[in-house]
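Quick notes on the structure that follows.
Please treat every number below as a calculation from the coordinates, not as lab data. Since we're looking at a predicted model, the values are computed, not measured. When we count neighbours, we look across all protein chains shown, and the Cβ atoms used for this are built from the backbone with ideal geometry, even at glycine.
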Number of protein chains: 2
Amino acid sequence: MSTIKELKAKIKQLEEELALEKSRNTTKAEPHGPGRDKIAKMSAEVVDSNPYSRLMALKRMGIVNNYEQIRDFSVAVVGVGGVGSVTAEMLTRCGIGKLILFDYDKVELANMNRLFFQPHQSGMSKVEAAQKTLSFINPDVIIETHNYNITTMANFDNFMETIRTGSIDGNGPVNLILSCVDNFEARMAINDACNELNQNWIESGVSENAVSGHIQLIKPGETACFGCAPPLVVAENIDEKTLKREGVCAASLPTTMGVVAGLLVQNTLKYLLGFGNVTEYLGYSALQDFFPTMLMKPNPQCTGRYCVERQADYQHVRWIRKIKLVVCEVVNRQISPWRCDLQLTSLYLFTFHRRNWHPTPKEEVAEEKEEEIKHDTNDWAIELVDETNPEDLVSKVDESLAPGIKHSYDKPVESKGEEASETVGHTEESMDDLMAKLKGL
Amino acid sequence: MSTIKELKAKIKQLEEELALEKSRNTTKAEPHGPGRDKIAKMSAEVVDSNPYSRLMALKRMGIVNNYEQIRDFSVAVVGVGGVGSVTAEMLTRCGIGKLILFDYDKVELANMNRLFFQPHQSGMSKVEAAQKTLSFINPDVIIETHNYNITTMANFDNFMETIRTGSIDGNGPVNLILSCVDNFEARMAINDACNELNQNWIESGVSENAVSGHIQLIKPGETACFGCAPPLVVAENIDEKTLKREGVCAASLPTTMGVVAGLLVQNTLKYLLGFGNVTEYLGYSALQDFFPTMLMKPNPQCTGRYCVERQADYQHVRWIRKIKLVVCEVVNRQISPWRCDLQLTSLYLFTFHRRNWHPTPKEEVAEEKEEEIKHDTNDWAIELVDETNPEDLVSKVDESLAPGIKHSYDKPVESKGEEASETVGHTEESMDDLMAKLKGL
């Protein structure tokens, strides 16, 4: 009997403890538990319980035509630190379809001067901590994490494959990559991957003294890539001697990083949903509240072979468009069939002629190649040809920069500048002549 | 025996349940539990466990001389919504000494498209939810909350008293007020309180279509107050017909609100810690990434009587400074005592003379007053005098605005413009004459 009594007492004690633990669990807010149920379809209904009402209102306000389309997009965020974590949170709260996060760092108390991570997450991997918080904030977003350094050989291949198949349905590439890393090597790795995959991306950065930052849209072949010129940073008119030395702890502020993340995601929304103007280069100088902008054309002498390939691809696309325009003109004039035939033949000959026409940057680049790589993402199934548009061949990165912007280091002297500019002159004249002749037909 | 067996099974089951509940409690992150211990003194030590290392690095980088002084400052944030909550979080992570939060709203799922609040906080009051999260993020910050609408009569008095005694030690006013409210009435209440208390504040706002915003520093008497002219907003070149109608749900974006909060807190840090330039008016147009700025002088015909009083105070301070300068000149020239005496007497007579000299805006304003209020925060213990500086009397708010900025509504026609401009001309000439005479002595 005594045993039964003891056992009963034990049960009572356990029941009390259990009740206490349960009450702790329920009264305490649950950061990574199910905060809200998933929502199958974005609604514009104006009720307090609809987390998308203020976003769908952008349609009623005439800003965005198709806000719910945001669920179809997949964005990769590389680097989940001071800028990347806020970037990921903003996209999550906007209801992006899929987020792919890359980082290999751990949360530390020393990160608490930036938004997003909280002290209890110290020691967790940044991607894991971010995934938990983001899934809790918006369970509708698919969040995929990769806890590795993308700059090592094996990880780089994995990174490329993830980007190439990162779309919502897994059958295509991600819609955009956002670079929120804090070092040159990682930026160059993203640049190499994006040039090879012909993948648009936006690079972002914050200075080591914490009072300036920038974002830069990079469309391979169309705008300067990260390797086309020394990276551009915001000039601050601060005594250089006071700036960071090797090994000195960089400063950071939640304000500067929040502003840069905000500008980055705002331009991402404009890019994905097609409203407003996406800015190519936007700087932020916090001391003066100065925001320099500029356009950046690619450098034909870029040492990245895939950048040069993409430049050729881009010029090819431009040529195809121009040719289509001429054909449309011909058709609209309702000329006789034989004349139309003649003109299309001329166009064909013209294009073919151009293919074998000029000495191209291709030859120079080809010398550095170990083997000729035919790329499977080349939608036009064409060889590398010299179809550069003359105005684009003039490398804008060599010219004076916009006020308030400077190169992060001096550009090496280029020996082929003269040669290139000759080519430009030659191409320009021939092209104008031929276009005039064609139109005159 | 069967009973004992049953009891033992029951115990085993309870023990398992208890273990599960306990593991839930420990594996789960605790959002409002003690995230980290308090830190008595900000350290610049570069270790992963120091939450202030990246902020104190601002000293080493030559940006801020005295970062640890941030602990001496108290800031009030009025409105803890999309901009205010991020503002409060940034200041908390920067290690501000004291935060005083005002709001009377509850967290809703419809707020989840902005940063900061999380779904499990739905239904909580915004100030309570914010206090818990912020204390958890940085327990070193003193956080005081006021859960009421500041625009009602009784609450307004309480608001005034809180501001007047809101310093770290409770013996003086807060160092700055940040307005993050979303309506005209609340902004006017803050404006009235700040004009009466001679309290500097920064107003912020985001447009109802979510794609523009601004911040505006208001120093009573020195810059235009919120009532000096119709509020300025960023012009967007969007068809007005598409804009919000009464009762239509406003749109919002975490990006725009994050950028505005970032710019607001960045300028707050510059203001408090004395680095860089604090911008008086800074707009943000998201569609074009355009950031208009402008300076705004106060309007001598402002209908707010305390604004006009502060304008007179400010001019008095300027006069005192000018007189001190002249005295310094006299002293530095080491002139004879009788000459110095003569000059100081002249200065005194000059100042006295000016006091009773002109017809002032005071008379016009006084007519509207029910009783003459002698203000206890008037540090100079002077009566309302016409010591306006001529260049400041020219109301810049009447002139063409900076590109990209417009009034939020048309300014009412002012009947006293002609009279005022006559006064300006008269003052200007007399002042120049007298200053020339004084210097010539």
Checklist line | Packing-based exposure ordering (other Cβ within 10 Å, fewest first) of B:K38, A:K98 | finding: B:K38, A:K98
Note to self: Given Cβ point charges of +1 (Lys, Arg) and -1 (Asp, Glu) and nothing else, what value in debye, to the nearest 20, does the dipole of region A:73-306 about its Cα centre take?
What the structure shows: 240
Note to self: Using the Karplus curve 6.51 cos²θ - 1.76 cosθ + 1.60 with θ = phi - 60°, what ³J(HN,Hα) values do you get for each residue of region A:110-117, in whole Hz, with x for Gly and Pro?
What the structure shows: 5, 8, 6, 7, 10, 5, 5, 6
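Longer than 30 Å from Cα to Cα, which of A:K98/A:K324; A:K132/B:K41; B:K41/B:K132; A:K38/B:K8; A:K106/B:K106; B:K38/B:K126 are they? Say none if no pair is. Intermediate results must be reported in sequence, preceding the final value.
Working: A:K98/A:K324 36 Å; A:K132/B:K41 32 Å; B:K41/B:K132 22 Å; A:K38/B:K8 41 Å; A:K106/B:K106 34 Å; B:K38/B:K126 24 Å.
Listed pairs above 30 Å: A:K98/A:K324; A:K132/B:K41; A:K38/B:K8; A:K106/B:K106.
Could you calculate the contour length gain from B:V317 to B:E16, that is, 0.36 nm times the residue separation minus the distance between their Cα atoms, to one decimal place in nm?
Extra length available between B:V317 and B:E16 comes to 100.9 nm.
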Item checked: Ascending list, in nanometres, of distances separating the B:L342 label from those of the other copies (7 Å, Cα toward Cβ) -> 10.3
Margin query: Under 5 Å between amide hydrogens, which residues at least 5 positions from B:F290 or on another chain qualify, with H placed 1.01 Å from N in the peptide plane?
Written below: B:S285
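Ratio of Rg to Rh for region B:156-208, alpha carbon only, Kirkwood? All intermediate terms of the calculation are to be shown ahead of the outcome.
Values: Rg = 11.5 Å, Rh = 11.5 Å.
Using Cα coordinates only, the ratio equals 1.00.
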Check: What nm value, rounded to one decimal, do you get for the distance between B:D48 and B:T303 when each label is placed 7 Å out toward the C-beta?
Finding: 6.1
Note to self: What's the magnitude of the charge dipole for region B:49-123 around its Cα centre, counting Lys and Arg as +1 and Asp and Glu as -1 at the beta-carbon? Answer in Debye, nearest 20.
What the structure shows: 340
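Sorted from fewest to most neighbouring beta carbons within 10 Å, what does the list B:W201, B:W319 look like?
On the way: B:W201 26, B:W319 19.
With the sparsest Cβ surroundings first, the list reads B:W319, B:W201.
Under Stokes-Einstein, with the Kirkwood radius over Cα pairs standing in for Rh, what whole-number D in µm²/s applies to region B:183-229 at 4 °C and 1.567 mPa s? Write out the running numbers ahead of the final one.
Details: Rh = 11.2 Å.
For the chosen part, D equals 116 µm²/s.
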Notebook entry, point to check: Rounded to a whole number of µm²/s, how large is the Stokes-Einstein D of region B:73-306 at 20 °C and 1.002 mPa s, given Rh as the Kirkwood radius over C-alpha pairs?
Noted result: 119
Notebook entry, point to check: What residues qualify as long-range amide H neighbours of A:G205, i.e. H under 5 Å apart, gap of 5 or more or another chain, H built at 1.01 Å from N?
Noted result: A:H214
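Sorting B:E309, A:E185 on the 10 Å Cβ count, fewest up front, what's the list?
A:E185, B:E309
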Notebook entry, point to check: Which cross-chain or sequence-distant (5 or more) residues have an amide H under 5 Å from the amide H of A:M296, H modelled 1.01 Å from N in plane?
Noted result: A:A224
Item checked: Cα-projected label distance for B:I168 with B:A9, points at 7 Å along beta-carbon direction, nm -> 6.6
Check: Under the Karplus relation 6.51 cos²θ - 1.76 cosθ + 1.60, θ = phi - 60°, what is the ordered set of whole-Hz ³J(HN,Hα) values for region B:151-165, x standing for Gly and Pro?
Finding: 7, 7, 3, 5, 5, 4, 4, 4, 4, 4, 5, 4, 5, 5, 10
